[in-house]
Structures are given as C-alpha cells and as structure tokens.
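FYI, it's all coordinate maths here, none of it is from the lab. These figures come from a predicted structure and were not determined experimentally. Neighbour counts are summed over all protein chains in view; Cβ atoms, including those assigned to glycine, are modelled from backbone coordinates with ideal geometry.
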Amino acid sequence: MRIRKAILPAGGLGTRLRPLTHLMPKEMLPLGGQVVLQYVLQECDAAGLDTLLVVLNRNKTALFPVSQETPCPRDPVTGIPSRNVYFANQEEQGGLAHAMLHGEAFVGSDPFAVALGDTVIHGGERSLLGRLVEAHLENGAAATVAAQVIDGPAISRYGVFDPVGEPGEVFSVRRIVEKPKREEAPSNLAITARYVFSPIIFQACRECRRNAAGEIELTEAMTWLSERGHRIQGVRMDPGQSRLDIGNPQSYADAFQKVMG
Ligand code: UTP
C-alpha cells in the first residue's frame, strides 16, 4: 500500500501574530526565499504525498495561488504536475481535530498524513513525513506521530509521549499527556506537528471529550484511541532536524534566523 493523501490544517486565526494576521495568513509569511506553506508542500512532495487538502478559512484565499506557484514533480511523459491540491473552508475555528474532520470524505478509507500548515521541518537527511508513512504501514498503527526532544521546563508547553519502555527511533506509546507540569512529564519527547493516521481517527475526533472552550483537540482524540487499545507510536525526528513554528513572533523570528543561517 502507498499513502498519497495529506491534510494540511491552516484554518486557525493566528491570534498570537495579530495584528499582522488581520491582513495576511501566517502561512504566507516569508522564511528566506519562500513562504511558509511552500516548505510544507515540498515536505509532502519529498514523502510522495501528492494529493493534498488544505483546510483554511475564508480570509486565507491567498493560499490558493501559493499552492499553484510552488513547483512540483511532473509526470515524465505528459508533463502534468503530480501534486494536486484541494481546499476546504473551516467556517468556525473549532480546534485542530475539528479542522481535520473537514477532510473525512477526502481521505476515504486509507491511512493519510497530517502536516500543520504553520510549522516547517527544517534540515536532516531523511523526510520526516516519509519516515512516519513507512513506520505506519510497517506496524499497522492507528496513529504515528513525530516526536522531538524538549529538555527543561519548555516541555510543559507540549503534548508529551508516555512511551512503553525505553523509546528508540520508533517507539510504542501508552498515552499522550497534554501540557504536563515539568515534574510530571512522562518523558522529554514532545508531539511535533506531523502525523499519519488510520481513518479511525475521525471517529475519535467526533466522540472524544471537548476542551473547556468547546474545541476538539487532537490530543483528546488520540487519548480516545489509546483508551480503546488502538496502537499509537512515536517516531523521533532525525538529529540535525528541527521544527520551525511560525505561531508567535519569537518563534517566527527564530525560524527565519535558522533558515537564513
Ligand atoms: P494553532 O493554535 O497553533 O494556530 O494551531 P492558530 O489557531 O492559527 O493560532 P493562534 O493560537 O490563534 O495564535 C495549530 C495548527 O492547527 C490549525 C492552525 O491553522 C495551525 O496550522 N488550526 C487550528 C485549524 O486549522 N483550525 C482550528 O480551528 C485551529
């Protein structure tokens, strides 16, 4: 089996980057010579994901031409671009898992990838999404999730893996703990913006607990899976690979510096 489809959630309001995001989606921000979404599209190309659904909102229509203007591999005989990008409109911002539910019909019955539209995986020799796809198909998991090492108090800002045993490059996960206190964190491995799921995740998104604001969080959907005995696994980012998060002014500044350096 081959995994070709990916959902790219980009429907959020980007409130931490206001007032900039009143005028421009954060996925349109430049990082070196390209804008953020272009890097994410190229990550998908590198992993053989050629059928993509970008979930956006009605103020982000500028993302449409970006997807058309990002060069991609072409069929060697016909010259037709091999990347096809579709769009869905998230009318209300009900959380990341809510955004993903807009892709249920698009995905159908096969496993699929998820790549957050406001996060770039920078550097490293191997495609992180490609490794997630491989591990997912090899081990028949319900969810395969990228992991990065976060040392120190910053771990409290992330969803954190509770691994089974000593975690190797690919490891089994007992559960995921959202934003634990540092002393209660079950490991130093944090969830990292790239995933592969089997379609059972949509049932999980629909049936899991809502947060206090009524939003559907992906961590809760994964908790729903683990509580029902579905297999979740983590895949560590390669050394030399880093996650560039465009979510707030400081992380954007750091990301720009990293790409230019
Ligand atoms: P974030 O919470 O980091 O992004 O969501 P945001 O909501 O745009 O930003 P703030 O918190 O208001 O500053 C992570 C990813 O999930 C998408 C975002 O676009 C981002 O890629 N997302 C989030 C959605 O697509 N829909 C949502 O309802 C929420």
Open item on the list: For segment 35-54, which positions are within 16 Å of the ligand (Cβ to nearest atom) and in contact (Cβ under 8 Å) with a residue 60 or more places away in the chain?
Closed with: Val36, Leu37, Tyr39, Val40, Glu43, Cys44, Val54
Open item on the list: For segment 13-34, give me the residue count where each residue is hydrophobic (A, V, I, L, M, F, W, C) and away from the ligand (no atom under 14 Å from the Cβ).
Closed with: 2
- [ ] Output the number of residues of segment 49-86 satisfying the condition of being assigned to a strand (DSSP E or B) and not aliphatic (A, V, I, L, M).
- [x] 5
Task: One residue from Ser67, Ser82 being free of Cβ contacts under 8 Å to residues at least 60 places away in the same chain and touching an Asp or Glu at 6+ places or on another chain (Cβ under 7 Å) - done: Ser82
- [ ] Among what's in segment 82-105 and is away from the ligand (no atom under 16 Å from the Cβ) and over 22 Å from Met28 (Cα atoms), pick the residue that is nearest to the chain's Cα centre (by Cα).
- [x] Ala105
Open item on the list: Under 9 Å between Cβ atoms, which residue pairs at least 6 apart in sequence (or on different chains) link something in segment 92-103 that is within 11 Å of Ala221 (Cα to Cα) with a partner that is near the ligand (Cβ under 8 Å from one of its atoms) and acidic (Asp, Glu)?
Closed with: Leu96/Glu215; Ala97/Glu215; His98/Glu92; His98/Glu215
TODO: Name, by its number, the condition in (1) surrounded by 13 or more Cβ atoms within 10 Å (Cβ to Cβ); (2) more than 29 Å from Val36 (Cβ to Cβ); (3) without any contact (Cβ under 8 Å) to a residue 40 or more places away in the chain that does not hold for Arg231.
DONE: (3)
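Here's the yes/no breakdown for (1) surrounded by 13 or more Cβ atoms within 10 Å (Cβ to Cβ); (2) within 22 Å of Ala204 (Cα to Cα); (3) out of contact with any helix residue (DSSP H, G or I) (no Cβ under 9 Å at 6 or more places or on another chain):
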| site | (1), (2), (3) |
| --- | --- |
| Ala46 | yes, no, no |
| Lys60 | yes, no, no |
| Leu63 | yes, no, no |
| Pro73 | no, no, no |
| Gln93 | yes, yes, no |
| Ala115 | yes, yes, no |
Open item on the list: Quick check on Asn211: is it more than 15 Å from the chain's Cα centre (by Cα) and touching a residue at least 60 places away in the same chain (Cβ under 8 Å)?
Closed with: yes
Task: Which listed residue, of Ser251, Ser187, is without any contact (Cβ under 8 Å) to a residue 40 or more places away in the chain, outside any strand (DSSP E or B) and within 13 Å of the ligand (Cβ to nearest atom) - done: Ser251
Task: Which listed residue, of Val160, Val177, Val145, is surrounded by 15 or more Cβ atoms within 10 Å (Cβ to Cβ), assigned to a strand (DSSP E or B) and free of Cβ contacts under 8 Å to residues at least 24 places away in the same chain - done: Val177
